[in-house]
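The values are calculated or read from the model by the stated rules, or taken from the named source; none is laboratory data. Just so you know, these numbers come straight off a predicted model, no measurement behind them. Note: ideal-geometry Cβ built from the backbone for every residue, glycine included; neighbour counts use all protein chains shown. We work out accessible area using only protein heavy atoms, side chains counted, and drop any ligands, DNA or RNA first. Shrake-Rupley method; radii C 1.70, N 1.55, O 1.52, S 1.80 Å.
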Amino acid sequence: MYFAFLCADKPGALQIRLDTRPEHLAYLDALNAEGRLGFAGPFLGDDGKPNGSLVVVKAETIEEARAIAGNDPYARAGLFADVQVKPWNWVFNKPEA
């Protein structure tokens, strides 16, 4: 099953995002190597700067998905003001499994 992480950055936390980005990308690379990452990328503000994240992963349960979200270096660094983890059904343009 897929789960979407809808993550909103804390106001004024861009430096945390920039400082933690290498660890975050390594975490996503590891999820991808395990076949668990669907896709990921930042939300952008009107100024074009990142202000949140969308990450879609495969997990067996919502608890497992929440653990994946909680272990993201961005989450551990305190970047996010809010993280929603929602079951998600990939209907269109889904890559072959």
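Couple of notes before you dig in:
- Counting charges near D82 (Lys, Arg +1; Asp, Glu -1) among other residues having Cβ under 12 Å from its Cβ returns a value of 0.
- With all protein chains in place and ligands, DNA and RNA left out, the 1.4 Å accessible area ranks T61, T20 as T61, T20, largest first.
- For P(r) over Cα pairs in 5 Å bins from 0, in percent, calculated from these coordinates, the label among [x] 2, 9, 10, 8, 7, 7, 10, 12, 14, 13, 7, 1; [y] 3, 13, 26, 25, 18, 11, 4, 0; [z] 2, 13, 24, 22, 16, 10, 7, 4, 1, 0: [y]
- Along region 34-47 the Karplus relation, 6.51 cos²θ - 1.76 cosθ + 1.60 evaluated at θ = phi - 60°, assigns HN-Hα couplings of 7, x, 9, 8, x, 6, 7, x, x, 7, 10, x, 4, 7 Hz to successive residues, with x for each Gly and Pro.
- Dipole magnitude (debye, nearest 20) for the chain, charges at Cβ of Lys, Arg, Asp, Glu: 80 debye
- With K and R counted +1 and D and E -1, the other residues having a Cβ less than 12 Å from that of A30 yield a net charge of -3.
- Taking a point 7 Å from the Cα of I16 along the Cα-to-Cβ direction, the residues of region 35-50 with backbone N closer than 16 Å to it are 43, 50.
- In the full protein context, the chain carries 62 Å² of accessible surface per residue, based on a 1.4 Å probe and ignoring ligands, DNA and RNA.
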